Amino acid sequence: MASASTSAAPIRLPEAVALELEQWAASAAPAEACGVLVGRRTEAGTEVLAALRGRNLARASDRFELDPGELVGMDAIASEAGAELVAIWHSHPAGPAQLSARDLGVELGTWDQVVVGLAESEGERVAWFQLESGGWIERAWRSQVARPRVGSRLPIRDGAATNSRTGFMRRGGTVDVLEAG
Ligand SMILES: [Zn+2]
């Protein structure tokens, strides 16, 4: 984390979402957990609004494979909320918050990669990686509160919801944006 590049457009990931990723990672161990991050990309940077957890179809405990059909559904959820998928996340149940050799070879198009490494100490378990000049580089992220549009609504699946600190509240299967940050 400390050596991560900060030169590009900033990445904002609410701390509540990062903690949620850690909790999902812990609950899936010793298997890997995986899913997507929903947010917005502008010239001002990347802003995460919510995390969604997907099923891990991989049989081996040291890898992950998102359900393609579920991924399409998650993309639709993001679109309905006026947002998009900005990253794929997965966990290393007993490993570092770094890309493994396999992760380095992954091609995700415009999506970033986020790794939750439970072997790291508190505050350093969530690492963000972006493709730059054909290679994945770690990027620093800030835990500033997101400022989503008031009135936008994110349906939730698999219990995915951030808490009220981020401006979202869990209610009846959707995440309502109650107030702008
Ligand atoms: Zn990995």
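Read the figures in this text as sums done on the coordinates, not as results from a lab. Given the structure is predicted, the values throughout are model-derived calculations rather than measurements. So basically every Cβ, Gly included, is an ideal-geometry build from the backbone, and we count neighbours across all protein chains shown.
Once both labels are modelled 7 Å past Cα along the beta-carbon direction, what's the Arg142-Leu71 spacing in nm?
It works out to 3.1 nm between the two label points.
Round to the nearest 0.05 the FRET efficiency obtained for Ala94 and Leu131 when R0 = 25 Å and r is the Cβ-Cβ distance. Don't skip to the end; give the middle numbers.
Working: r = 26 Å, r/R0 = 1.05.
The computed FRET efficiency comes out at 0.45.
Treating each Cα of the stretch 11-145 as an identical point scatterer and ignoring solvent, apply the Debye formula and state log10 I(q)/I(0) at q = 0.15 Å⁻¹.
-0.66
Could you run the Karplus curve 6.51 cos²θ - 1.76 cosθ + 1.60 with θ = phi - 60° over the stretch 63-70 and give me ³J(HN,Hα) per residue in whole Hz, x for Gly and Pro?
8, 9, 8, 6, 5, x, x, 5
Which of the listed residues, Ala127, Gln113, Val72, is farthest toward the dipole's positive end in the stretch 34-153, when Lys, Arg count +1 and Asp, Glu count -1 at the beta-carbon?
Value: Val72.
Once amide H atoms are placed 1.01 Å from N in the peptide plane, what residues at a sequence separation of 5 or more from Gly54, or on another chain, have their amide H within under 5 Å of its amide H?
The answer is Cys34, Gly35, Val36.
Under a Cβ-only charge scheme (Lys and Arg +1, Asp and Glu -1), can you give me the dipole magnitude of the stretch 11-145 about the Cα centre, in debye to the nearest 20?
Charge dipole of the stretch 11-145: 60 debye, to the nearest 20.
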